[in-house]
Amino acid sequence: MPRHASRRAASLLLAVLAAAPHAAAAQARPTPAAAAQAQPASAPATASPARRPVTDTIAERVLACTGCHGAEGRAGNEGYFPRIAGKPAGYLYNQLLNFREGRRRNARMTYLVDPLSDAYLHEMAAHFASLDLPYPPPARTDADPAQRARGEALVRHGDPARGLPACASCHGAALMGREPATPGLLALPRDYLIAQLGRWQIGLRHSAEPDCMAQVAKKLTPQDINALANWLPAQAVPVGTKPEPASAAAPETAPALRCAGVSEIRP
Ligand code: HEC
Ligand code: HEC
């Protein structure tokens, strides 16, 4: 998205948040609403985006998130922005904390979540997690059959010789995640997947410790990442697919790696 559009999205969010009176009351931390109220009273009414009438619902207040993450948070598998609709609430919440606390770096995401309280982050995460919306058709891929087979084999079986567990052992048999905090791997853009795995490798993305994905990512070669990023977005998501319940983890496939946020969601 062009820079001015994402700037507009960010300021719209702050305007919408500022216009939500109960959001302001719920905040323990300083809020955009408080900042807006601190404006000089002489500011012309027409210049104040906070005066825009909005209904005070969470769906209204998160409208500006959808400027980047797609209508209702269902960004497609082209471009870069990750879909957030339908991901487990614990995962979404952990990411909002990760941006706020510096374990993930994206200037705009950090700017948006920095003033918000844990309670508000929870509310937004629960809202997007509750959306049960169709997925985009699979992305086209130019990968040759050998590369596709390599991608699928890594996802389903890992590479035991290198101590690499199957992605499916944590991300679910349908690869659409597992409650409470493991995300799905389908319907994400190729460029986003490559970037995230690369960031874990070089230490620009972390989850709270123990950071199992950092260990997984560090075992991947550039060829592995390419194969995964070609195969995953090219898979269809059957209608109605949801994250698996936490109880779906079969003991024989339970990974040896421990992941923060999966067994230890912070309140
Ligand atoms: C200016 C564009 C923009 C806006 C507005 C925006 N985001 Fe994001 N968001 C991004 C980008 C880009 C990423 C991926 C960053 C990265 O590479 O790690 C992201 C990542 C995320 C993630 C992690 C997704 C995942 O699968 O790991 C969540 C959750 C999220 N955003 C929630 C929100 C919420 C909630 C809002 C509204 C308060 C919002 N975003 C507004 C651009 C935006
Ligand atoms: C031991 C369990 C485990 C295994 C094995 C595993 N993952 Fe993950 N993965 C996770 C968890 C937990 C998260 C959420 C991390 C966080 O909260 O930041 C995650 C997050 C991700 C994300 C971020 C998704 C997003 O929306 O930003 C990607 C991409 C990913 N994993 C890819 C893979 C791939 C590819 C494999 C196989 C090569 C794999 N994972 C194997 C547990 C695992």
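Some values worked out for this structure:
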read-out: Odd one out for ARG156 among (1) under 17 Å from the mean Cα position of the chain (by Cα); (2) more than 12 Å from ligand 1 (Cβ to nearest atom); (3) not small (Gly, Ala, Ser); value: (1)
read-out: Region 120-135, residues that are surrounded by fewer than 13 Cβ atoms within 10 Å (Cβ to Cβ) and either within 16 Å of ALA89 (Cβ to Cβ) or modelled with pLDDT of 95 or more (or both); value: SER130, ASP132, LEU133
read-out: Residue list for region 59-68, filter: touching a residue at least 24 places away in the same chain (Cβ under 8 Å) and within 11 Å of ligand 1 (Cβ to nearest atom); value: ARG61, VAL62, LEU63, ALA64, CYS65, GLY67, CYS68
read-out: From TRP231, TRP200, residue being at pLDDT 95 or above and more than 9 Å from ligand 2 (Cβ to nearest atom); value: TRP231
read-out: Pick from region 76-89, criterion surrounded by fewer than 23 Cβ atoms within 10 Å (Cβ to Cβ) and more than 8 Å from ligand 1 (Cβ to nearest atom), ranking: nearest to ALA126 (Cα to Cα); value: ALA89
read-out: Scope region 145-182; condition among the small types (Gly, Ala, Ser) and part of a loop (DSSP other than H, G, I, E, B); matching residues; value: GLY158, GLY163, ALA166, GLY172, ALA173, ALA174, GLY177, ALA181
read-out: Matching helices (runs of 4 or more DSSP H) fully within region 85-144 where at least 1 residues are in contact with an Asp or Glu (Cβ under 8 Å, 6 or more places away or on another chain); value: 89-101
read-out: Verdict on ARG205 being charged (D, E, K, R), farther than 15 Å from ALA248 by Cβ, touching a Lys or Arg at 6+ places or on another chain (Cβ under 8 Å) and more than 16 Å from ligand 1 (Cβ to nearest atom); value: no
read-out: Region 136-151 - residue that is under 24 Å from the mean Cα position of the chain (by Cα) and surrounded by 16 or more Cβ atoms within 10 Å (Cβ to Cβ) and, of those, modelled with the highest pLDDT; value: GLY151
read-out: Any pair with Cβ under 6 angstrom, 6 or more apart, that starts in region 152-176 at a residue that is within 16 Å of ASN230 (Cα to Cα) and ends at one that is more than 10 Å from ligand 2 (Cβ to nearest atom); value: LEU175/LEU186
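The values are calculated or read from the model by the stated rules, or taken from the named source; none is laboratory data. Quantities reported herein were computed from a predicted structural model and do not represent experimental measurements. With ideal geometry, Cβ positions are generated from the backbone for all residues, glycine too; neighbour counts draw on all protein chains shown.
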